[in-house]
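First the structure, in the form of structure tokens, and then the observations on it.
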Amino acid sequence: MKAYSVALLFLVLSSPGFSQGCTSGDCKNGYGVYTWSDGEKFEGDWKNGKQDGKGTYFYSNGSKYIGGWKNGKKEGEGVFIKLNGNKYEGIWEQGKRVVKTNTLYKDWLLGTWEGKGYQLNGDTWKTILHYNSKDDIKINYPDFPCNGYWYFDKENSHQIFFKEKITVGQNNCVVGVDILIEKVSENIMGVYFFSDKKQIASANLVREK
């Protein structure tokens, strides 16, 4: 037994490994890189010694997670990528993927869209949407006039929800509006506008280019 214990101790001491700790930056309150003894690594934002903000976690099996973190757990929009390249995009809460985001990244959303909006009282107005990427969505209402941008909120299998931020002409448009998009075809989308969870308008947009 003693000989076995000595041999085992020698094997552990001689086996290659990784030193654990913060290898660069600030791993308490800032941006830093932390490596664990098994080779797993996190590069990103830290708060009170835990992953919090944006960052990438590299697993020892070759997989990685890129996205949001809160209090040491996956939180917000992110993607888990396996070693074989398979991607699992979604919205994460408390370390678990609660919403699968598949439609958000499809090419049909990209481009310039124009159409007519309809208020519940029958008034109409022009709408121009520039969807350059999921992080660059500009909206313009030239008839009011006002403009701003959309940012992603959530989605399900056939609907995508955004929040609208009016940056110019706030006095001319309703602010704090929630947006729902439904795909009609590759070149047509339905848009629904909500304020305080009540629908206030809708629009049909057609791809221009």
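Coordinate-derived values only; no laboratory data. The structure displayed is predicted, hence computed values, not measured ones. Glycine also receives a Cβ, built like all others from the backbone with ideal geometry; neighbour counts cover every protein chain displayed.
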Note to self: At R0 = 30 Å, how high is the FRET efficiency between GLU186 and TYR59 if r is their beta carbon distance? Nearest 0.05 is fine.
What the structure shows: 0.20
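Pulled fully out, how much extra length does the chain show between TYR31 and GLU114, if you take 0.36 nm times their separation in residues and subtract their Cα-Cα distance?
Here the answer is 25.8 nm.
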Item checked: For a label point 7 Å along the Cα-to-beta-carbon line of PHE152, residues of region 40-62 with backbone N under 13 Å -> none
Next item on the list: Please state, rounded to one decimal and in Å, the Kirkwood hydrodynamic radius that region 106-207 gives when every pair of distinct Cα atoms enters the mean of 1/r.
Entry: 13.6 Å
Check: On full extension of the chain, what length is gained from VAL175 through ASP38, given 0.36 nm per residue of separation minus the C-alpha to C-alpha distance?
Finding: 44.4 nm
Notebook entry, point to check: For helix 2-14, what angle does its Cα long axis make with the longest principal axis of the chain, in degrees from 0 to 90 and rounded to 10?
Noted result: 50 degrees
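Report the extension gain between LYS47 and GLN159 in nm, rounded to one decimal, defined as 0.36 nm multiplied by the number of residues separating them, less their alpha carbon distance.
36.9 nm
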Check: Say R0 is 25 Å: what FRET efficiency, to the nearest 0.05, do SER19 and LYS87 get from their beta-carbon distance?
Finding: 0.20
Margin query: At a 4.7 angstrom Cβ threshold, list every cysteine in the chain that has nobody to pair with, or say none.
Written below: none
Notebook entry, point to check: For region 184-194, in order, what is each residue's ³J(HN,Hα) by Karplus, 6.51 cos²θ - 1.76 cosθ + 1.60 with θ = phi - 60°, in whole Hz (x at glycine and Pro)?
Noted result: 8, 7, 4, 10, 9, 10, x, 10, 10, 10, 10
